[in-house]
Amino acid sequence: MALRAALRSRSGLSGLLSQWSSCSSDIRMCVSPLLVPQQRNYSTPPKIRVEFDQSTGVAVMHMQSPPVNSLSLDFLTELCISVEKLEMDKSCRGLIITSAQPKVFSAGLDITEMYGKSPEHCGAFWRSVQEMWLKLYGSNMVTVAAINGSSPAGGCLMAMTCDYRIMADNPRYNIGLNETQLGIVAPFWFMDTMKNTVGQRTTEMALQLGLLYKPADALKIGLVDQLEPEDQVIAAATQTISRWLAIPDHARQITKSMMRKKTIDKLTSNRESDIQYFVNFITKDSIQKSLGGYMEMLKKRKA
Amino acid sequence: MALRAALRSRSGLSGLLSQWSSCSSDIRMCVSPLLVPQQRNYSTPPKIRVEFDQSTGVAVMHMQSPPVNSLSLDFLTELCISVEKLEMDKSCRGLIITSAQPKVFSAGLDITEMYGKSPEHCGAFWRSVQEMWLKLYGSNMVTVAAINGSSPAGGCLMAMTCDYRIMADNPRYNIGLNETQLGIVAPFWFMDTMKNTVGQRTTEMALQLGLLYKPADALKIGLVDQLEPEDQVIAAATQTISRWLAIPDHARQITKSMMRKKTIDKLTSNRESDIQYFVNFITKDSIQKSLGGYMEMLKKRKA
Amino acid sequence: MALRAALRSRSGLSGLLSQWSSCSSDIRMCVSPLLVPQQRNYSTPPKIRVEFDQSTGVAVMHMQSPPVNSLSLDFLTELCISVEKLEMDKSCRGLIITSAQPKVFSAGLDITEMYGKSPEHCGAFWRSVQEMWLKLYGSNMVTVAAINGSSPAGGCLMAMTCDYRIMADNPRYNIGLNETQLGIVAPFWFMDTMKNTVGQRTTEMALQLGLLYKPADALKIGLVDQLEPEDQVIAAATQTISRWLAIPDHARQITKSMMRKKTIDKLTSNRESDIQYFVNFITKDSIQKSLGGYMEMLKKRKA
């Protein structure tokens with residue numbers, strides 16, 4: 001989950017805990033595995049697998065960080081490197097982002113990156129979240145999210161950075177910035193990205209209530225652009241991207257950049273203060289204590 | 001009605017007069033009673049009645065200023081004090097605003113506050129209109145408008161400050177910022193509030209034409225969020241608010257504040273000039289003469 | 001077509017050329033005639049014919065520059081003079097813009113104005129495009145576009161400046177800012193106008209893909225407000241404008257001006273740099289060569 005401004009008081013955390021118990025099973029599935037401490041073993045299998053089809057100029061990025069593609073520092077670093085490589089490769093013009101894990105696109109930020117970690121680590125983690133957003137939202141490639149599973153919080157953010165979103169038409173999946181349901185707050189650039197996607201009023205209500213939308217509802221409000229049967233999501237993404245690639249790159253890229261510049265500049269020019277804000281908040285004793293209790297609770301739940 | 005920039009020329013007023021005759025009966029009903037001079041008798045019954053349910057944390061504010069809850073200085077002062085009290089009371093987390101008067105939610109600003117009054121009075125009046133908007137649009141409470149009657153101009157503004165709007169499904173009621181129909185202009189913060197609710201294009205057309213929407217049409221453009229049979233509006237509001245209260249207060253409040261900050265700051269930092277602009281305009285001889293003629297006409301109409 | 005930032009590289013042009021061959025017959029019809037060099041003979045018939053009905057206060061402006069009302073410097077100059085005259089005439093309160101040419105409203109900017117011309121000429125041309133937009137988007141009159149034919153690029157821009165758009169319900173017509181399809185980019189004020197009309201997300205997708213919408217689709221996204229059988233478009237525009245004229249001018253004008261001020265100010269305060277940017281770009285040898293090849297190709301196509 002995109003963890004940020006909130007939990008300033010103990011009540012925030014208790015709200016979070018009480019909320020938790022009423023969460024749908026889908027969400028529980030997405031988040032509980034985050035508790036398993038991730039080993040920083042660089043010989044582990046890659047969390048990102050990229051297939052690049054030279055003939056079409058389209059790369060497919062499979063997120064394969066079991067079990068739920070949680071956005072850890074390692075995961076984000078790998079993802080950013082992959083995107084950067086593709087961005088530098090002039091023969092790569094389009095990028096499809098999808099999940100290799102069952103039932104989930106990405107469960108969002110990895111809480112373990114913010115618990116019991118040094119300010120330096122928390123800062124590095126937050127910088128990697130920003131970097132992922134900056135790289136994807138400002139990409140020169142055509143980007144299509146093939147959302148083949150649930151996509152809460154940071155997962156939804158990642159999907160929203162893309163030029164187009166196709167979601168599996170499975171009513172058990174959902175998508176949205178549900179931070180408030182967990183007692184936390186989406187940062188301003190999450191908000192801006194959603195406003196640019198579904199408008200001010202829908203964003204105001206969705207964020208206050210932390211709404212997770214089923215695919216049909218997400219389509220209705222414009223949070224996703226198209227629904228497809230689950231086994232046809234990637235094929236549909238491939239078809240879509242070929243339509244976008246029919247447009248001369250240069251004109252399309254300038255247009256995209258002009259449309260998103262203001263939103264991107266807002267984070268770029270506030271990046272350090274945004275990190276500082278996050279670190280100050282997350283390293284507070286009360287917050288750390290809350291996070292600890294929260295993770296303890298999840299462990300018991302799982303057991 | 002929200003009276004402001006317009007009527008700068010005689011033609012403005014004659015436009016207003018000619019417009020009037022073509023108004024629907026609903027509107028006439030709403031506005032004509034404003035002519036009855038309101039006595040500043042503080043022993044009069046309260047214009048606002050608040051029921052607070054400690055068990056749910058929800059207050060219901062009944063507007064009961066006969067006949068049409070026109071927004072007079074007294075009314076607005078009482079309303080602002082009531083809202084402030086609730087805001088200070090940490091046990092109060094939600095606020096439902098509704099009308100105790102039949103057929104009308106609120107008819108908008110009270111014209112008698114601007115006719116034959118000193119610049120000081122007009123300034124104080126305008127400040128109270130700003131104050132109402134600032135208090136409600138920036139409220140930390142969950143606010144739901146239970147719109148059980150027509151809600152033109154300032155009444156619509158008040159409804160739009162809320163987090164959610166439920167309107168009685170009665171085609172005889174309507175809602176909208178109809179200022180131009182009366183030859184006047186909604187101030188910038190009315191416009192901003194509507195833009196945040198229904199978007200730029202709909203606002204542009206609605207405000208230029210001074211459109212009053214029937215409930216079904218208001219729902220279609222997103223000016224209200226839900227329709228209910230008239231006798232179930234408050235029950236539906238209660239149900240809705242309990243859903244919003246399931247979200248941890250702190251996270252919801254920060255989110256709301258972040259979403260509305262820019263709009264609120266714009267008035268806060270221009271408050272005095274906005275008052276000065278209003279006072280300069282409204283105290284002009286030509287405008288006062290026009291207002292007088294207008295009120296005279298309405299009196300005759302009523303007789 | 002609105003020609004601007006793009007074609008910076010040879011690839012831009014080849015993209016443009018390859019794109020061209022896949023264009024619909026409607027578009028080909030619109031653009032190819034632009035190749036016929038227009039003679040600057042001031043004894044040619046007027047390109048704009050205005051009918052003003054003193055009794056209603058409504059002027060109808062017929063664009064009659066065969067074959068496709070391309071926006072040449074002469075055409076734009078004549079159009080601006082006509083609009084200014086009407087604007088100065090207090091008895092004229094409304095303006096309907098329509099085409100006297102079959103099948104097309106306007107095909108957009110005239111490419112011949114940018115090929116083989118001096119920097120001074122190109123600058124004057126671009127200034128006239130800006131002027132057209134400023135005059136129409138900021139008009140005090142009620143403006144209604146009676147779109148009785150296809151309306152790509154600059155033609156779509158002109159339609160979007162109006163207060164209301166009625167389009168002929170003929171599926172062979174289309175409307176949109178299709179610049180990227182031709183390898184070029186809509187300037188920022190084209191983008192802003194579209195954002196104000198259909199919102200950020202729809203604009204982002206429409207502009208990146210250079211989408212041309214059939215009337216039914218244009219209605220769905222709000223790019224036009226109403227469809228009518230082709231022979232009833234002007235009658236419907238007349239009916240619509242009378243509804244807008246029922247609103248007192250002064251209040252409506254202030255409202256319109258307040259709603260559009262920010263967008264207009266952005267161009268006004270960047271006008272010279274916007275011209276300089278255009279001239280620097282369009283007079284580059286590589287671009288001129290590309291334009292030449294492009295026009296040559298179209299000539300052959302036509303022959």
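The values are calculated or read from the model by the stated rules, or taken from the named source; none is laboratory data. Just so you know, these numbers come straight off a predicted model, no measurement behind them. Here Cβ is always computed from backbone atoms with ideal geometry, including for glycine, and neighbour counts include all displayed protein chains. Ligands, DNA and RNA are excluded from the accessible area calculation, which covers all protein heavy atoms including side chains. Shrake-Rupley method; radii C 1.70, N 1.55, O 1.52, S 1.80 Å.
The 3J(HN,Hα) values that the Karplus relation (6.51, -1.76, 1.60; θ = phi - 60°) gives for segment B:68-82 are, in residue order, 10, 6, 5, 7, 7, 4, 4, 4, 5, 4, 4, 4, 5, 4, 4 Hz. Gly and Pro appear as x. The A-C contact accounts for approximately 2000 Å² of buried accessible area, totalled over both chains at a 1.4 Å probe radius.
Under 18 Å between alpha carbons, and skipping anything fewer than 8 positions from residue C:117 in its own chain: which lysines qualify? Those lysines meeting the cut-off are C:284, C:289.
Once you reduce segment B:135-165 and segment C:85-138 to the center of their Cα atoms, the two points are 44 Å from each other.
Computed from Cα atoms alone, the Kirkwood hydrodynamic radius reported for segment A:254-303 is 13.8 Å.
For chain C, the relative contact order comes to 22 percent (Cα pairs under 8 Å, sequence separation of at least 6).
Taking 20 °C and 1.002 mPa s as conditions, the protein assembly as shown diffuses translationally at an estimated 72 µm²/s according to Stokes-Einstein applied to its Kirkwood radius (Cα pairs). Ranked from shortest, the separations from the 7 Å Cα-to-Cβ label point of residue A:246 to its equivalents in the other copies are 4.5, 4.5 nm. In this assembly of identical copies, the label point of residue C:266 (Cα plus 7 Å along Cα-to-Cβ) is separated from its counterparts by 1.3, 1.4 nm, sorted shortest first. Approximating the spin labels as points 7 Å out from Cα along Cα→Cβ, the residue A:285-to-residue C:257 distance works out to 6.1 nm. 3J(HN,Hα) couplings calculated from phi for segment B:124-133 with the Karplus curve 6.51 cos²θ - 1.76 cosθ + 1.60 (θ = phi - 60°) are, in sequence order, 5, 4, 5, 4, 6, 5, 4, 4, 4, 5 Hz; Gly and Pro show x.
The phi-based Karplus calculation (6.51 cos²θ - 1.76 cosθ + 1.60; θ = phi - 60°) puts the 3J(HN,Hα) values of segment C:47-63 at 8, 10, 10, 10, 10, 10, 9, 4, 5, 9, x, 10, 9, 10, 9, 9, 7 Hz, whole numbers, x for Gly and Pro. What longest region of chain B stays clear of trypsin sites (Lys or Arg not before Pro) that DSSP places outside H, G, I, E and B and that have at most 14 other Cβ atoms within 10 Å? My reading of the result: B:173-283 is the longest stretch. Largest first, the extents of the alpha carbon coordinates of segment B:113-248 on the three principal axes equal 46, 33, 28 Å. Taking the alpha carbon gyration tensor of segment C:78-181, multiplying each eigenvalue by 5 and rooting it gives semi-axes of 23, 21, 10 Å, largest first.
The value of relative contact order for segment C:177-232, using C-alpha pairs under 8 Å at least six residues apart, is 38 percent.
DSSP bridge analysis restricted to segment C:107-227 gives an antiparallel fraction near 10%, rounded to the nearest 5. Label separation (residue B:277 vs residue B:297): 2.6 nm, computed from points 7 Å beyond Cα along the C-beta direction. Heavy-atom accessible surface of chain B, averaged per residue, reaches 37 Å², computed with a 1.4 Å probe.
Of all DSSP beta bridges confined to chain A, the antiparallel ones make up roughly 25%. Counting only Cα atoms, the size of segment A:172-299 along its three principal axes is 54, 39, 28 Å, in decreasing order.
When the alpha-carbon atoms of segment A:156-212 are used, the pair Rg, Dmax equals 11.2, 30 angstrom. Using a 7 Å projection from Cα along Cα-to-Cβ, the label point at residue B:288 is separated from the same position in the remaining copies by 6.8, 6.8 nm, smallest value first. The smallest convex shape that holds all Cα atoms of segment B:48-132, its convex hull, gives 81 Å³ per residue.
With Cα atoms as the point set, chain B shows a radius of gyration and Dmax of 18.3, 56 Å. Charge dipole (Cα centre; +1 on Lys/Arg Cβ, -1 on Asp/Glu Cβ; no other charges) of the protein assembly as shown amounts to roughly 460 debye. A cut-off of 5 Å between modelled amide H atoms, ignoring neighbours fewer than 5 places along the same chain, links residue B:99 with B:63, B:148. Proximity of backbone amide H atoms, modeled 1.01 Å from N, is registered between residue C:169 and C:228, C:230 at under 5 Å, excluding neighbours fewer than 5 places apart on the same chain. Would you pull out the residues with amide H under 5 Å of residue A:176's amide H, same chain only if 5 or more places away, H placed 1.01 Å from N? Those qualifying (amide H under 5 Å, at least 5 residues apart or on another chain) are A:151, A:153, A:156, A:213.
Anything losing 40 Å² or more of accessible area from the isolated chain to the full protein assembly: pick those residues out of segment B:185-225, probe 1.4 Å, ligands and DNA/RNA ignored. Buried by the other chains: B:185, B:191, B:196, B:200, B:201, B:204, B:205, B:208, B:209.
On the protein assembly as shown, 54 percent of the accessible area sits on carbon and sulfur atoms, based on a 1.4 Å probe.
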